[in-house]
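The next block holds one structure in the form of structure tokens; read it before the comments.
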Amino acid sequence: MSTLQGPAPLTVTEATTTQRDPGARSPRASRKRQRPVDGRKVKRSGILTAVMVVFVVYSFAPLFYLLVNSTKTQASLLSTFGLWFGGDFNLWQNIVETVTYNDGIFMQWLGNTLLYVVVGAGGATLLATVAGYGMAKFQFPGRRAVFAVVLGAVAIPGTALAVPTFLLFSQVGLTNTPWAIILPSLISPFGLYLIWTYAVDAIPSELLEAARMDGAGEFRIFFTIALRLLAPGVVTVLLFAVVATWNNYFLPLIMLSDPKWYPLTVGLNQWNAQATGSGAQPIYNLVVTGSLLTIIPIVVAFLFLQRFWQSGLASGSVKQ
């Protein structure tokens with residue numbers, strides 16, 4: 001009867017040789033020599049770094065210019081170096097003069113801009129979300145034609161439609177009213193296309209079918225399920241719409257003739273134009289300070305919304 005025998009025990013010499021195997025690496029040495037999974041070394045390019053530095057300087061130089069020159073008086077603004085402080089620190093006085101100049105017209109322009117952004121950009125985001133969700137999750141005749149029309153509308157710049165829009169609104173008596181700015185702002189083909197493409201993968205069709213089987217209606221499904229899953233895309237569209245409406249200049253310029261309905265972009269340009277002509281009254285310090293105050297709400301909105309935006313950047317990138 002044969003007996004099963006295990007492997008023979010190692011001798012002292014063999015054990016010593018195994019422990020001191022030069023090919024074996026200690027855990028600490030392995031950790032020090034770890035490389036990326038793909039086996040490639042991380043390359044650093046001095047040229048790319050220099051290009052990025054140039055882009056950073058190019059992006060922040062105008063902001064630095066506004067911040068520096070908003071602290072200067074009218075005289076020091078024209079007599080000192082533009083990219084550094086000079087003279088007395090006059091920031092608070094400039095802010096007070098900006099918001100009180102001409103009976104506080106700046107605050108009225110700020111209110112107009114907020115109205116156009118809340119109603120126009122908010123409405124554009126809502127319409128783009130509803131339409132994009134419907135195009136992504138419902139099948140209907142003519143869907144391909146609608147897709148082609150949306151792509152074509154994305155390719156048309158807004159300035160090309162400004163004059164035809166003005167002629168149309170002048171026929172119905174909507175020029176020189178807030179509706180002349182709000183109604184065109186409600187249309188966002190790019191936002192619709194963005195939500196459409198995002199909703200295809202962000203909302204599982206099985207989830208919608210399960211909700212319908214549980215008796216949920218389409219409006220309830222949209223507001224309680226789909227809208228939450230679309231949050232990153234909705235925030236992205238909202239940011240684009242807010243920035244576009246806040247910086248809108250050409251459309252209000254041709255639509256509005258009454259200063260009381262001006263947004264900040266057109267109003268500040270009107271202040272800047274006071275420096276030319278026979279009765280010139282330059283107020284460059286107020287123009288610069290007003291421009292600084294104008295960008296603050298956009299920066300705050302971006303900082304507030306970016307956490308919702310970043311949370312969905314990698315959504316759908318990993319297959320589960």
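Among residues that are open to solvent by 70 Å² or more (accessible area, probe 1.4 Å) and either among the basic types (Lys, Arg) or under 30 Å from Phe223 (Cα atoms) (or both), Leu126 is included.
Flag not set for Leu151, criterion: assigned to a helix (DSSP H, G or I), in contact with a Ser or Thr (Cβ under 9 Å, 6 or more places away or on another chain) and open to solvent by 40 Å² or more (accessible area, probe 1.4 Å). Within the range 66-84, being open to solvent by 90 Å² or more (accessible area, probe 1.4 Å), in contact (Cβ under 8 Å) with a residue 24 or more places away in the chain and over 19 Å from Gln274 (Cβ atoms) holds for no residue.
Out of Ile254, Ile225, I need the residue that is surrounded by fewer than 19 Cβ atoms within 10 Å (Cβ to Cβ), in contact with a helix residue (DSSP H, G or I) (Cβ under 9 Å, 6 or more places away or on another chain) and free of Cβ contacts under 8 Å to residues at least 40 places away in the same chain. Which one? Show your work before the answer.
Values: Ile254 fails: free of Cβ contacts under 8 Å to residues at least 40 places away in the same chain.
It is Ile225.
You will find that of Leu303, Leu253, the residue that is at pLDDT 90 or above, part of a helix (DSSP H, G or I), closer than 25 Å to Gly120 by Cα and of a type outside the set (Ser, Thr, Tyr) is Leu253 and no other.
Exactly one residue out of Ala211, Ala199 is among the small types (Gly, Ala, Ser), touching a Lys or Arg at 6+ places or on another chain (Cβ under 7 Å) and farther than 30 Å from Ala75 by Cα: that is Ala199.
Spot the failing condition for Ala61; the list is (1) at pLDDT below 90; (2) more than 19 Å from Asn285 (Cβ to Cβ); (3) surrounded by 10 or more Cβ atoms within 10 Å (Cβ to Cβ); (4) aliphatic (A, V, I, L, M), and only one is missed. Among (1) at pLDDT below 90; (2) more than 19 Å from Asn285 (Cβ to Cβ); (3) surrounded by 10 or more Cβ atoms within 10 Å (Cβ to Cβ); (4) aliphatic (A, V, I, L, M), the lone unmet condition for Ala61 is (1).
Can you name the number of the only condition in (1) in contact (Cβ under 8 Å) with a residue 24 or more places away in the chain; (2) farther than 30 Å from Val235 by Cα; (3) among the β-branched types (Val, Ile, Thr) that Thr294 fails? Thr294 satisfies all of (1) in contact (Cβ under 8 Å) with a residue 24 or more places away in the chain; (2) farther than 30 Å from Val235 by Cα; (3) among the β-branched types (Val, Ile, Thr) except (2).
Might you let me know whether the range 168-175 holds any residue that is loosely packed, with under 11 Cβ neighbours inside 10 Å and within 28 Å of Pro297 (Cα to Cα)? Within the range 168-175 (the criterion being loosely packed, with under 11 Cβ neighbours inside 10 Å and within 28 Å of Pro297 (Cα to Cα)), the answer is no, since none of the residues qualifies. Considering only residues in the range 292-302 that are under 13 Å from Trp109 (Cβ atoms) and open to solvent by 30 Å² or more (accessible area, probe 1.4 Å), the one that is nearest to the chain's Cα centre (by Cα) turns out to be Pro297.
Please find, among Gly23, Gly87, Gly39, the residue that is touching a Lys or Arg at 6+ places or on another chain (Cβ under 6 Å), in a loop (DSSP other than H, G, I, E, B), open to solvent by less than 90 Å² (accessible area, probe 1.4 Å) and at pLDDT below 85. Break it down into steps so the answer makes sense when it comes.
Numbers: Gly23 fails: touching a Lys or Arg at 6+ places or on another chain (Cβ under 6 Å); Gly39 fails: touching a Lys or Arg at 6+ places or on another chain (Cβ under 6 Å).
Result: Gly87 is the single residue among Gly23, Gly87, Gly39 that is touching a Lys or Arg at 6+ places or on another chain (Cβ under 6 Å), in a loop (DSSP other than H, G, I, E, B), open to solvent by less than 90 Å² (accessible area, probe 1.4 Å) and at pLDDT below 85.
When Val234 is tested against (1) within 25 Å of Phe304 (Cβ to Cβ); (2) in contact with a Phe, Trp or Tyr (Cβ under 6 Å, 6 or more places away or on another chain), only condition (2) is not met.
It is to be established whether one or more residues within the range 176-195 are over 22 Å from Leu251 (Cβ atoms) and open to solvent by less than 50 Å² (accessible area, probe 1.4 Å). So far as the range 176-195 goes, yes, one or more of its residues are over 22 Å from Leu251 (Cβ atoms) and open to solvent by less than 50 Å² (accessible area, probe 1.4 Å).
Mind checking which residues of the range 256-280 are under 21 Å from Gln74 (Cβ atoms) and in a loop (DSSP other than H, G, I, E, B)? Even if it seems obvious, please write down each step before you answer.
Restricting attention to the range 256-280, the residues satisfying the condition of being under 21 Å from Gln74 (Cβ atoms) are 264, 267-280.
Those that are under 21 Å from Gln74 (Cβ atoms) and in a loop (DSSP other than H, G, I, E, B): Gln274, Ala275, Thr276, Gly277, Ser278, Gly279, Ala280.
The values are calculated or read from the model by the stated rules, or taken from the named source; none is laboratory data. Predicted, not measured: the structure shown is a model, and the values here were computed from it. When we count neighbours, we look across all protein chains shown, and the Cβ atoms used for this are built from the backbone with ideal geometry, even at glycine. Calculation scope for accessible area: heavy atoms of the full protein, side chains included, ligands and nucleic acids excluded. Shrake-Rupley method; radii C 1.70, N 1.55, O 1.52, S 1.80 Å.
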